[in-house]
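The values are calculated or read from the model by the stated rules, or taken from the named source; none is laboratory data. Quick caveat, the model's predicted, so the values are computed rather than measured. Glycine also receives a Cβ, built like all others from the backbone with ideal geometry; neighbour counts cover every protein chain displayed.
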Amino acid sequence: MASDAVRVAATLREVEKARWTEGPSTLVARLRERGARGSVRSKEARRRLFRVIHHLDRLMKGGPNCYRRSLVRIALDAGSAAEPFVLGLNLPERAPNGHAWVDGAEAAARYDVEFRL
């Protein structure tokens, strides 16, 4: 678990910087390649990793961020790297908001538009 925390902390810093300079399609593809090279984790090992990601993401400047968490999951978990990455957006005439997630990882609300990478 301690090694996961170190890996997550380093990846959070890397992803935070990259998400401001790279578009989603290139960033997701790059992180997906990295994640696919990792080992396949058991369900329990994946749950532990995801808890560490959520905990450390909350401590980042600006608070928790679903886009950043999803990118870190893809980079560090082979199972997540194989799943579609989804960006859901609502149109401006409704309450403008959005959400990012790894498909199958969490129940998502309905969005006007969903982009799957």
Of the residues in the stretch 83-117, those that are under 22 Å from R34 (Cβ atoms), surrounded by 14 or more Cβ atoms within 10 Å (Cβ to Cβ) and among the small types (G, A, S) come to A100, A105
Residues of the stretch 62-72 being within 22 Å of R41 (Cα to Cα) and without any contact (Cβ under 8 Å) to a residue 12 or more places away in the chain, in sequence order, are none
Residues of the stretch 15-26 being within 17 Å of M60 (Cβ to Cβ) and surrounded by 15 or more Cβ atoms within 10 Å (Cβ to Cβ), in sequence order, are V15, E16, A18, R19
Filtering the stretch 15-69 down to residues that are closer than 25 Å to N97 by Cβ and not in a helix (DSSP H, G or I) yields R19, W20, T21, E22, G23, L59, M60, K61, G62, G63, P64, N65
R41 passes all but one of the listed conditions (1) surrounded by 15 or more Cβ atoms within 10 Å (Cβ to Cβ); (2) modelled with pLDDT of 95 or more; the exception is number (2)
Q.
Going by what's in this entry, would L12 be described as within 11 Å of R73 (Cα to Cα) and either among the β-branched types (V, I, T) or in a helix (DSSP H, G or I) (or both)?
A. yes
Only one of A29, A75 is within 25 Å of F115 (Cα to Cα), buried (at least 18 other Cβ atoms within 10 Å of the Cβ) and either out of contact with any strand residue (DSSP E or B) (no Cβ under 6 Å at 6 or more places or on another chain) or among the aromatic types (F, W, Y) (or both), namely A75
Residue pairs within 8 Å by beta carbon, gap of at least six or interchain, first lying in the stretch 85-108 and assigned to a loop (DSSP other than H, G, I, E, B), second at pLDDT 90 or above and among the charged types (D, E, K, R), listed first then second, are D103/E83; D103/R116; G104/E83; A105/R73; A105/E83
Exercise for review: Say whether the condition of being assigned to a helix (DSSP H, G or I) and without any contact (Cβ under 8 Å) to a residue 40 or more places away in the chain is met by at least one residue in the stretch 73-82.
Suggested key: yes
